[in-house]
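The values are calculated or read from the model by the stated rules, or taken from the named source; none is laboratory data. What you see is a predicted model, and the numbers here were worked out from it, not measured in a lab. Positions of Cβ are generated from backbone atoms using ideal geometry, with glycine treated the same way; all protein chains shown enter the neighbour counts. These accessible areas exclude ligands, DNA and RNA; they are computed on the full protein's heavy atoms, side chains included. Shrake-Rupley method; radii C 1.70, N 1.55, O 1.52, S 1.80 Å.
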Amino acid sequence: MKYKKDQLKNEKILYNPLDMIEDMIIVNNWEYDRRAEENLYVEVGGEWCDYQLSFSHSSELSLLQISCAYDIRIPDNKVEKVYPLLAKMNESLLIGHFEIWGKEGWPMYRHSLPVPVDKYLCIKQIEDISLSSIQECDRYYPAFQYVAWGGKSANEAMSHTMLKTDGEA
């Protein structure tokens, strides 16, 4: 049989990055839930609260979406006050974005990563994005608290969030 170069060009390799992520989670002995081929959920402890770290893969869009949801709910009567805060937070980000997720009112950080059909992701990429998601959530947790429950403006919340302290009390 003769080798036909054109036949290989059109062949698509089926690859689900969630398989690699699931292996990483198992090796670390973390509890997780994989409800389907497209979704994987892990609860992760942060500085301020627990986060729901979610990984979703869309083979149709060739995208891996990583989201990190806070274990808090913004009350319906406070959502409008949080939108200016989201805008200010998103202005300061280099990648990803914050949003309030639907009727549930969960603040979350989301980042999408293109996954070319014939390429593999590096586990280091996933680890780095997952860690940065948690770090961004930890960084802005107090800002959500200031606006949603403390009655502060978005500007006041951001100024408190941006303060860096040296040493310990």
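Assuming Glu47 fulfils every condition listed in (1) modelled with pLDDT under 80; (2) open to solvent by 70 Å² or more (accessible area, probe 1.4 Å); (3) not aliphatic (A, V, I, L, M) apart from one, which condition is it?
(1)
List every residue pair whose Cβ atoms lie under 7 Å apart, where the two residues are 6 or more positions apart in sequence or sit on different chains, the first residue falls within the range 26-43 and is farther than 20 Å from Leu61 by Cβ, and the second residue, located anywhere, is at pLDDT below 90 and open to solvent by less than 90 Å² (accessible area, probe 1.4 Å).
Tyr32/Ile25; Val42/Ile25; Glu43/Asp50
Give all pairs with beta carbons closer than 8 Å in which a residue from the range 46-62 that is under 17 Å from Trp101 (Cα atoms) meets a residue that is in a loop (DSSP other than H, G, I, E, B); count only pairs at least 6 apart in sequence or on separate chains.
Pairs that qualify, where the first residue is under 17 Å from Trp101 (Cα atoms) and the partner is in a loop (DSSP other than H, G, I, E, B), are Asp50/Asp71; Tyr51/Asp71; Gln52/Asp71; Ser56/Glu38.
Can you tell me how many residues in the range 1-36 are in contact with a strand residue (DSSP E or B) (Cβ under 8 Å, 6 or more places away or on another chain), open to solvent by 100 Å² or more (accessible area, probe 1.4 Å) and at pLDDT below 85?
2
For the range 61-70, state whether one or more residues are in contact with a strand residue (DSSP E or B) (Cβ under 6 Å, 6 or more places away or on another chain), open to solvent by less than 30 Å² (accessible area, probe 1.4 Å) and closer than 16 Å to Tyr146 by Cα.
Among the residues of the range 61-70, at least one is in contact with a strand residue (DSSP E or B) (Cβ under 6 Å, 6 or more places away or on another chain), open to solvent by less than 30 Å² (accessible area, probe 1.4 Å) and closer than 16 Å to Tyr146 by Cα, which makes the answer yes.
On the basis of being over 16 Å from Ile21 (Cβ atoms) and either exposed (fewer than 15 other Cβ atoms within 10 Å of the Cβ) or touching a His at 6+ places or on another chain (Cβ under 8 Å) (or both), does Gly96 make the cut?
Details: over 16 Å from Ile21 (Cβ atoms): yes; either exposed (fewer than 15 other Cβ atoms within 10 Å of the Cβ) or touching a His at 6+ places or on another chain (Cβ under 8 Å) (or both): yes.
Against the criterion (over 16 Å from Ile21 (Cβ atoms) and either exposed (fewer than 15 other Cβ atoms within 10 Å of the Cβ) or touching a His at 6+ places or on another chain (Cβ under 8 Å) (or both)), Gly96 qualifies.
Name the single residue that is nearest to the chain's Cα centre (by Cα) among those in the range 72-92 being closer than 25 Å to Asp128 by Cβ and either exposed (fewer than 15 other Cβ atoms within 10 Å of the Cβ) or among the aromatic types (Phe, Trp, Tyr) (or both).
Asn90
Can you name every residue in the range 116-137 that is at pLDDT 90 or above and surrounded by fewer than 16 Cβ atoms within 10 Å (Cβ to Cβ)?
Scanning the range 116-137 gives a single hit, Gln135.
How many residues are aliphatic (A, V, I, L, M), in contact with a strand residue (DSSP E or B) (Cβ under 6 Å, 6 or more places away or on another chain) and over 18 Å from Asp138 (Cα atoms) if we restrict to the range 80-126?
2
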